[in-house]
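The values are calculated or read from the model by the stated rules, or taken from the named source; none is laboratory data. The structure displayed is predicted, hence computed values, not measured ones. Because the Cβ atoms are built from the backbone with ideal geometry, glycine has one as well, and the counts that use them run over all protein chains shown.
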Amino acid sequence: MNSIAKPRVAFFDFACCEGCQLEVLSLEEQLLDMVELVDIVTWREAMSEKSDDYDIAFCEGSITREADIERIKRIRETADILVSLGACATIGCHNALKNQFSMDEVLHIVYGDRAEWFDTIPARPITAVVPVDYQVNGCPASLPEFVTVFKHILMGKEYKPPNQPVCVECKLKDNLCVYEKGLLCLGPVTRCGCDAICTSYGHTCFGCRGLVDDPNLNAAQDVLAKYGLSVEEIVGKFKLYNNWPELSLGEGRTDA
Ligand code: SF4
Ligand code: SF4
Ligand code: SF4
């Protein structure tokens, strides 16, 4: 096969822990199958070579500096297809926690008396700055979803992320609801697609895949009320991953 005909793929990172790229690297044998189909031309975490000529860009991390905005716009202009890889790139993730402070305060907390050496802006996902063609959700990015998105790109097909709450997958697995164990869970309003992996192992869902498009907030409030809980008790937990844009879970019922 003529390698020139293969799509050229680049991986880029913005502010993040780079765990999503590590996840992709851990695909190992599947990764070898993938490089039969594409040429990976830039991937700082995995190789020394780099190129400014690519067709598909997988972008991890959040936008946290003015320079990031220019950089992601350049990547968007170059790539035919841009993918947000993981929660930092898709929903803001932990990076957006800093947005509840002033940016001056953030700089001084992190850099102390050298704060003026650095610049920062409120953190936002890549999806808030440039149009994105595909998204891979999760923290870290879901590998099955990454492979699905990869296949859809190569087939030229649209990919629509699953749009039901995690509770659906959790119930299909016959899990005991963690609310019965006195724990808080964000599954009722969180986008599924992870096979309810956390609740299946007895943990709670922290909402790392973001809100479903049209969360049933009334039903979520009913669940909370059943266990003597309020929205206020759950919003803080939700903000761990979902702090961009400002959450509105605290607003009143829509069926009142
Ligand atoms: S989504 Fe999670 S694992 Fe991926 S880069 Fe962000 S913090 Fe790291
Ligand atoms: S609230 Fe959590 S534990 Fe309960 S069914 Fe939904 S996802 Fe599962
Ligand atoms: S169960 Fe919740 S926190 Fe766990 S992977 Fe799924 S969406 Fe993320």
Restricting attention to segment 225-239, the residues that are away from ligand 1 (no atom under 16 Å from the Cβ) and either surrounded by fewer than 14 Cβ atoms within 10 Å (Cβ to Cβ) or not in a helix (DSSP H, G or I) (or both) number exactly 9
Would you check if LYS181 is more than 8 Å from ligand 3 (Cβ to nearest atom), exposed (fewer than 12 other Cβ atoms within 10 Å of the Cβ), outside the structural domain of ALA141 (by TED's automatic domain parsing) and in contact (Cβ under 8 Å) with a residue 24 or more places away in the chain? no
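In segment 1-27, how many residues are over 22 Å from the mean Cα position of the chain (by Cα) and assigned to a loop (DSSP other than H, G, I, E, B)? Don't jump to the end; show me each part of the working.
Pass one, segment 1-27, residues over 22 Å from the mean Cα position of the chain (by Cα): 1-8.
With assigned to a loop (DSSP other than H, G, I, E, B) added as a condition, the list becomes 1-2, 6-7.
Total meeting the criteria: 4.
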If we ask which residues in segment 196-237 are away from ligand 2 (no atom under 11 Å from the Cβ), of a type outside the set (A, V, I, L, M, F, W, C) and under 16 Å from the mean Cα position of the chain (by Cα), their number turns out to be 3
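Looking at segment 153-174 only, could you name the residues that are away from ligand 1 (no atom under 16 Å from the Cβ) and crowded, with 17+ Cβ neighbours inside 10 Å? Show your work before the answer.
Start the filter on segment 153-174 by keeping residues that are away from ligand 1 (no atom under 16 Å from the Cβ), which leaves 153-160, 162-174.
Selection gives ILE153, TYR159, PRO165, VAL166, CYS167, GLU169, CYS170.
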Given (1) more than 28 Å from LYS151 (Cβ to Cβ); (2) in contact (Cβ under 8 Å) with a residue 24 or more places away in the chain, ALA115 misses just (2)
All conditions in (1) buried (at least 18 other Cβ atoms within 10 Å of the Cβ); (2) in a helix (DSSP H, G or I) are true of CYS59 except (2)
Of CYS59, CYS88, the only residue that is within 16 Å of ligand 3 (Cβ to nearest atom), under 15 Å from PHE11 (Cβ atoms) and within 19 Å of the chain's Cα centre (by Cα) is CYS88
